[in-house]
1. Using a 1.4 Å probe and counting only protein heavy atoms, arrange Asp101, Asp77 so the residue with the most accessible area comes first.
2. With every protein chain in place, what's the accessible area of Glu115 (1.4 Å probe, Å², nearest 10)?
3. I need two numbers for region 97-182: Rg to one decimal and Dmax as a whole number, Cα atoms only, in Å.
4. Can you sort Thr133, Thr70 by solvent-accessible area, 1.4 Å probe, largest first?
5. Accessible area, 1.4 Å probe, largest first: how do Ile158, Ile48 sort?
Amino acid sequence: MKLKRLFWDKRVGLVTGLLLLAFPYISCTSTKFAVPIPGKNDSVVSNIYIEYLNIADNYFELKKYDKAETYYKAAMDNQDIYWNAYYKLAKCYVYEAKWDDALDAYEALLNRDSENISIQSSIAYIYAMSGNTEKSIEAYSALIQKAPDQSELLENYICVLIAAEKKDEALEQYTLLKEKFPENKRLEELGKQFENVTTD
């Protein structure tokens, strides 16, 4: 009996020794027993949302705005990229002619950055495209006072005035555009639109 017990003790000692030697290898390779790396899960989750944003950007470039919209919404679940994704989602709404959604989105963006001329210009454009010419005229009129050196604002203002059949005001602004921006590439095009309206 002593021999058997001694032999068993040696086997147990040998197996225990092998397990102790193998433990570092097992703990590094086994997913079941591995010690998690701190912050790894957060990093993986964050990367997923960034990937959503990248997929949305690719769809946007392909002009598949409905698919881009889906992925921008998914990316917005990550607070770190929420506003970036939301801004791009707002642009999708414009390209999809979802004017009510676009207006809501741009107004939310304007609440965060009330002096942003680009966002204000987008809102003026949305008013015009949704048929609210009076609000668009008000918005563009205010914008050209704030940013008199941006010819695009004046161009759009003229277009909205023509659409609203405000001929005298359109002519006044067209004259201003020619004086301030004589090299403007849209002068001829706008002039033709203006002529068509004023000769009716």
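1. Values: Asp101 70, Asp77 110 Å².
The most accessible residue leads, giving Asp77, Asp101.
2. Answer for Glu115: close to 130 Å² accessible.
3. 12.9, 38
4. Working: Thr133 40, Thr70 85 Å².
From most accessible down to least: Thr70, Thr133.
5. Working: Ile158 0, Ile48 75 Å².
Ranked list, largest accessible area first: Ile48, Ile158.
The values are calculated or read from the model by the stated rules, or taken from the named source; none is laboratory data. In this text the structure is predicted, and so the values were computed from the model without any measurement. These accessible areas exclude ligands, DNA and RNA; they are computed on the full protein's heavy atoms, side chains included. Shrake-Rupley method; radii C 1.70, N 1.55, O 1.52, S 1.80 Å.
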